[in-house]
There are 2 protein chains.
Amino acid sequence: MRPEALKGHLDALLLAVLEAGPQHGYAVIDTVREGSGGTFDLPTGTVYPALHRLERSGFVHSRWDTVGGRRRRTYELTLAGRQALMAERDVWDTFSTAVSALLARRPWPTTS
Amino acid sequence: MRPEALKGHLDALLLAVLEAGPQHGYAVIDTVREGSGGTFDLPTGTVYPALHRLERSGFVHSRWDTVGGRRRRTYELTLAGRQALMAERDVWDTFSTAVSALLARRPWPTTS
DNA sequence: CGCCTATAGCTAGCATTGCTATATGTAGCG
DNA sequence: CGCTACATATAGCAATGCTAGCTATAGGCG
C-alpha cells in the first residue's frame, strides 16, 4: 500500500476505531491493522501525532492510566468527535463513490 | 469536499480519464467533473502540474496541437501508463475496501 | 546479570502533493 | 473595447503521513 494513499482519511479511521470505546494509541494501531484485514499497519510516528492533532481539535480527550507498571494514554471520543465522525463518513461516501465511478470508466462505451 | 481528500489518488483519476482516449488538460478537468457527478471540480493549478508529473514518470505522452488558433497540449496514455492504471485500480480496491470496513465499525456489536 | 523482544510513548525533519493566486494569450460576443 | 470562455503555466503555501531515532518498563532466556 502506497503510504500517501491514506492522506486525508486517517482521522476518520482513528475516530471510527475510538467510537467502539476508549483505547490507547498502541491498541489503536492493533485495531486498525485487524479491522482493515492487515491493509493498514500504521507506524507509531503516524498515529501518535494524529491523536494529538485530534485532541487539539477537540475530537478526542485523553487521560493517563498505569497498567502493569506501564504508562498508557487512553483516548476517548468527545461529542464533537462523534459529530466529526458522522461528517467523515459522509465525506468518505461521496468521495469513494466518485473515485469508483471514474476508475470504472472504460475506453469502448465512449458513447460520444 | 475537503480538498486534501484527493491526495494520493489524483494520478489514478487522470490516468483513468485518459484511458478513454487522448485529451488536453482543460478537457480532462471537464471529464473529471462530469464523470464524478460534480464531486471533483479540479483547479487548473492541480491538473497541469499533475499531468507534467505523469509525463515525467513516463505514464503519459504529450504533443502540441493547434485548434482554432488556440494552443493545446494533448496527453495520451503510454503503455507504462496503462499498466500503472491497472495497478492503481488494485490499490484503490484494497484501500477503499479497508477504509469502508473500518468506518462501518459500530460500538454495539463489540463481540468482546 | 545481560540481552532481546514486546509493549508504550514521543518528536524532529523530510517529501509529497494538492491548492491558491497570479500570469499570459487567443477567440468571440455585445 | 471590454468581458467571458478557452487554454496553459508556475511560484509558494499548508497539510499530512512517514522515516528515523529516542526513552522506558516488563518479562523471558542463556
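The values are calculated or read from the model by the stated rules, or taken from the named source; none is laboratory data. Since the structure is predicted, the reported quantities are computational estimates derived from the model, not experimental observations. No Cβ is skipped: glycine too gets one built from the backbone with ideal geometry, and neighbour counts run over all protein chains shown.
Structure data summary
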| read-out | value |
| --- | --- |
| Condition met for residue A:31 (near DNA strand D (Cβ under 9 Å from one of its atoms) and of a type in the set (Ser, Thr, Tyr)) | no |
| Tally, over region A:19-59, of residues that are more than 14 Å from every other protein chain (Cβ to nearest Cβ) and away from DNA strand C (no atom under 12 Å from the Cβ) | 2 |
| Hey, residue A:71 in contact with a Phe, Trp or Tyr (Cβ under 9 Å, 6 or more places away or on another chain) and modelled with pLDDT under 95 or not | yes |
| Qualifying residue in region B:72-82 (condition: within 25 Å of residue A:94 (Cβ to Cβ), surrounded by 13 or more Cβ atoms within 10 Å (Cβ to Cβ), touching a strand residue (DSSP E or B) at 6+ places or on another chain (Cβ under 9 Å) and without any contact (Cβ under 8 Å) to a residue 40 or more places away in the chain) | no |
| Boolean, residue B:62 is under 30 Å from residue A:37 (Cβ atoms) and surrounded by fewer than 20 Cβ atoms within 10 Å (Cβ to Cβ) | no |
| Residue check for residue A:68: out of contact with any helix residue (DSSP H, G or I) (no Cβ under 6 Å at 6 or more places or on another chain) and surrounded by fewer than 17 Cβ atoms within 10 Å (Cβ to Cβ) | yes |
| Region B:5-18, subset of a type in the set (A, V, I, L, M, F, W, C) and within 7 Å of DNA strand C (Cβ to nearest atom), residue farthest from the other protein chains (Cβ to nearest Cβ) | B:10 |
